[in-house]
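Structure record follows, encoded as structure tokens.
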Amino acid sequence: MKKALRYLLITLGVIVVLVGLAAAFIAFRGVPKGEAKKIDLKVEATPARVAQGQRLAAMLCNSCHMDPNTGKLTGRKMDEVPQFGAIYSKNITQDPEHGIGKWTDGEIAYLLRTGIKPDGTFLPIMAKLAHTSDEDLYSVIAFLRSNHTWVTADNTRQPATEYSFLAKFITNAGFIKPSAYPTAAIPNPDTTNQVAWGRYIALNQLECYACHSKDFTKNDYNNPEKSAGFFGGGNKMQGMDGKDIYTLNLTMDEETGIGKWSEEDFVKALKYGQVPHGPALRIPMIPYTPLTDNEAKAIFAYLQSIPKIKNQVERK
Ligand code: HEC
Ligand code: HEC
């Protein structure tokens, strides 16, 4: 009996030491680094690409990089994710010193696809356009190079980000990790097939499922349909007032999802934040105003094609 207790204590002691060492290692190592491959790319800035890029930036970049004080993508402190540390999104205007004026198209493409900067730094809290079409990616780059006021040079400088232990832990444990740079061309969706078009927008382009499934850490970013509670909502986020806010069930379950909504109800909710029952939708759900009605309807058609999930999420 005494012997058993001794072994137990020794085992516990060893575990405590190992956990301590692992924690010290993670704290010291920080967010792991990757390696940026050189991508040979020169994006031709056609007016169509600049226009599409602006629409995508409005829905994919502004929420984190737009500073209301400058009216430009000069970055800001990201108070909505305090658990990950003191995070500052960066100045991505064309300023050569404080923005991304000196980056090549290939460097921007590599970061947007994978999350890895030219110097190998991995950015865990960043949009990843890992599965968007090449054309959409080029459109974002063309827009960043355009003379639109959001992106023309501004010398605002943001402080360096300091990641919390939690951020270091989840990146070291591989819950959030760089995506692979695609090895084959990614075509635009077939817009004559409404469900395929909606699937592309909801999964590959605007990643609705990433917020609207059960938990960020249980999403499968390479096979979105395998994410836990796919589109069933209940993912905990933080609202503007610092209080918890839960994403809602977007499956067609009649009781707990949006199964009783009309197509028109859905378009209104998505583009303007107005829902049939209850107050307007709040941040972090943004009004996707730049979407055309046909795009919004395509998303609705796609949501009608996926399995229903019974999951009641209360709006608080
Ligand atoms: C969820 C918030 C978020 C979204 C959405 C987002 N970013 Fe970022 N971005 C960040 C943060 C935070 C950093 C800096 C992280 C750090 O310092 O570790 C960053 C850094 C960058 C950088 C590197 C800048 C530098 O000088 O190091 C570029 C380029 C960039 N973002 C472009 C974009 C583009 C283009 C979009 C839209 C397609 C976008 N980001 C969407 C949060 C975001
Ligand atoms: C950054 C996370 C995030 C993303 C991305 C996101 N949503 Fe949301 N969404 C939310 C949150 C949070 C709510 C709940 C807001 C509230 O309670 O006020 C919500 C609510 C909704 C609702 C209202 C549902 C209801 O029952 O009232 C709809 C519809 C919706 N989102 C559709 C979408 C679609 C379509 C996309 C992709 C184009 C999307 N969302 C992307 C976070 C997100």
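Ranked by solvent-accessible area (1.4 Å probe, protein heavy atoms only, all chains present), the residues Phe300, Phe169, Phe175 order from largest to smallest as Phe175, Phe169, Phe300. A probe of 1.4 angstrom, applied to the heavy atoms of all protein chains, finds Tyr246 with accessible area near 80 square angstrom. Treating the beta-carbon of each Lys and Arg as +1 and of each Asp and Glu as -1, no other charges, what is the dipole magnitude of region 1-98 about its Cα centre, to the nearest 20 debye? The calculation lands at about 640 debye. Answer rounded, prolate or oblate for region 194-303, using the Cα gyration tensor with square roots of eigenvalues a ≥ b ≥ c: rounded when a/c is under 1.5, else prolate when a/b is larger than b/c, else oblate. Here region 194-303 falls in the rounded category. Amide H to amide H, with H built 1.01 Å from N, His131 comes under 5 Å of no residue 5 or more places away or on another chain.
Counting heavy atoms of the protein chains alone, Arg55 has an accessible area of about 60 Å² for a 1.4 Å probe. Under the convention that each Lys and Arg Cβ holds +1 and each Asp and Glu Cβ holds -1, the size of the dipole of the chain around its Cα centre is about 1300 debye. With unit charges on the beta carbon (Lys/Arg positive, Asp/Glu negative), name the residue among Phe165, Gly120, Val19 whose Cα is farthest towards the positive pole of the charge dipole of the chain. Positive-end residue among those listed: Val19. In a DSSP loop and with at most 10 other Cβ atoms within 10 Å, the trypsin sites (Lys or Arg not before Pro) in region 209-273 are Lys243. Taken one residue at a time, the phi angles of region 161-176 give Karplus couplings (6.51, -1.76, 1.60, θ = phi - 60°) of 6, 10, 7, 7, 4, 4, 4, 5, 5, 5, 7, 5, 7, x, 5, 10 Hz. Gly and Pro are set to x.
If you wrap the tightest convex hull around every Cα atom of the chain and split its volume per residue, you get 172 Å³.
Karplus-based coupling profile of region 199-207, in residue order and whole Hz: 4, 4, 5, 6, 9, 9, 9, 9, 6, with θ = phi - 60° in 6.51 cos²θ - 1.76 cosθ + 1.60 and x standing for Gly or Pro.
Where in the chain is the longest stretch that carries no GluC sites (Glu not before Pro) classed as loop by DSSP and with at most 15 other Cβ atoms within 10 Å?
98-253
Counting pairs of Cα atoms in region 264-316, how many percent are more than 14 Å apart? So the pairs more than 14 Å apart make up 60 percent of the total in region 264-316. Here r is the Cβ-Cβ distance between Thr292 and Met240 and R0 is 25 Å; the resulting FRET efficiency, rounded to 0.05, is 0.35. If you sort the three axes of the alpha carbon gyration tensor as a ≥ b ≥ c, you get a/c of 1.5 or more for region 91-246 and a/b no higher than b/c, which makes it oblate.
As I understand it, the dipole of the chain uses +1 on the Cβ of Lys and Arg and -1 on the Cβ of Asp and Glu, about the Cα centre. Which of Gly101, Cys211, Ser305 lies farthest toward its positive end? The one lying farthest along the dipole's positive direction is Cys211. Residues whose amide H comes within less than 5 Å of that of Gln238, counting only those at least five positions distant or on another chain, are Ile245 (H built at 1.01 Å from N in the peptide plane). Around the amide H of Ala86, modelled in the peptide plane, lie the amide H atoms of Glu162, Ser164, all under 5 Å away and 5 or more residues distant in sequence or on another chain. Taking the Cα centre of region 194-303 as reference, the dipole from Cβ charges on Lys and Arg (+1) and Asp and Glu (-1) amounts to some 220 debye.
Accessible surface for Trp103 stands near 60 Å², nearest 10, in the context of the full protein assembly shown (1.4 Å probe). Listed values for region 280-286 are Karplus-derived 3J(HN,Hα) couplings in whole Hz (6.51 cos²θ - 1.76 cosθ + 1.60, θ = phi - 60°), namely 4, 5, 10, 4, x, 7, 9, and x replaces Gly and Pro. Dipole orientation for the chain: of the candidates Trp261, Gln54, Tyr246, Tyr246 has the Cα lying most toward the positive pole (charges on Cβ; Lys, Arg +1; Asp, Glu -1). Comparing Ala210, Ala24, Ala58 in a Gaussian network model of the chain where C-alpha atoms under 10 Å apart are linked, the largest mean-square fluctuation is found at Ala24.
Heavy atoms only, probe 1.4 Å: what % of the accessible area of the chain goes to carbon and sulfur, would you let me know?
Details: 10070 of 17270 Å².
That fraction is 58 percent.
The values are calculated or read from the model by the stated rules, or taken from the named source; none is laboratory data. Fair warning: this is a prediction, and the values are worked out from it, not measured in the lab. Glycine also receives a Cβ, built like all others from the backbone with ideal geometry; neighbour counts cover every protein chain displayed. Each accessible area value is taken on the protein alone, full model and side chains, heavy atoms only, with ligands, DNA and RNA left out. Shrake-Rupley method; radii C 1.70, N 1.55, O 1.52, S 1.80 Å.
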